[in-house]
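Okay, so here's the structure we're looking at.
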Amino acid sequence: YEEGYKTGMEDAANGKTYRGVTAKITALPIDALKLSIRAYNCLLRLGCKTIGDCMVLKKEQILNVRNFGVKSRNEIALALQKFDVMDTVWDEFVF
């Protein structure tokens, strides 16, 4: 986590972006999304530690996690939209 955070901060200072989102946002831990325990644990099962990790997931990965229902997927998608993280597979889950 610390190494990724440090890299993200350095990239942001240099103006690097990922999918139009500054590296500073992608380096934030998933704690910043302020999710319910169920949604948070599902992201951990997917190996996500940062917002950037969430952005690169494939739909098949998301749909194959146990206890990861529509409500939790929508919760995460909406939380990512609050950070202006768009054009990801998560956009398909907001109803």
Residue 8 vs. criteria surrounded by fewer than 17 Cβ atoms within 10 Å (Cβ to Cβ) and either at pLDDT 65 or above or more than 16 Å from residue 79 (Cα to Cα) (or both): no
Answer from 75, 3 - the residue that is part of a helix (DSSP H, G or I) and either at pLDDT below 90 or open to solvent by less than 50 Å² (accessible area, probe 1.4 Å) (or both): 3
Residue 66, sole failed condition from (1) open to solvent by 40 Å² or more (accessible area, probe 1.4 Å); (2) part of a helix (DSSP H, G or I): (2)
Residue check for residue 37: open to solvent by 60 Å² or more (accessible area, probe 1.4 Å) and more than 11 Å from the chain's Cα centre (by Cα): yes
Test: residue 16 is at pLDDT below 90, surrounded by fewer than 18 Cβ atoms within 10 Å (Cβ to Cβ) and touching a helix residue (DSSP H, G or I) at 6+ places or on another chain (Cβ under 8 Å): yes
Scope segment 78-95; condition open to solvent by 50 Å² or more (accessible area, probe 1.4 Å), within 17 Å of residue 31 (Cα to Cα) and in a loop (DSSP other than H, G, I, E, B); matching residues: 83, 84
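The values are calculated or read from the model by the stated rules, or taken from the named source; none is laboratory data. Here the structure is a predicted model, which means the values were calculated and not measured. As a convention, Cβ positions derive from the backbone with ideal geometry for all residues, glycine included, and neighbour counts pool all protein chains shown. Protein only, heavy atoms only, side chains kept; ligands, DNA and RNA dropped before computing areas. Shrake-Rupley method; radii C 1.70, N 1.55, O 1.52, S 1.80 Å.
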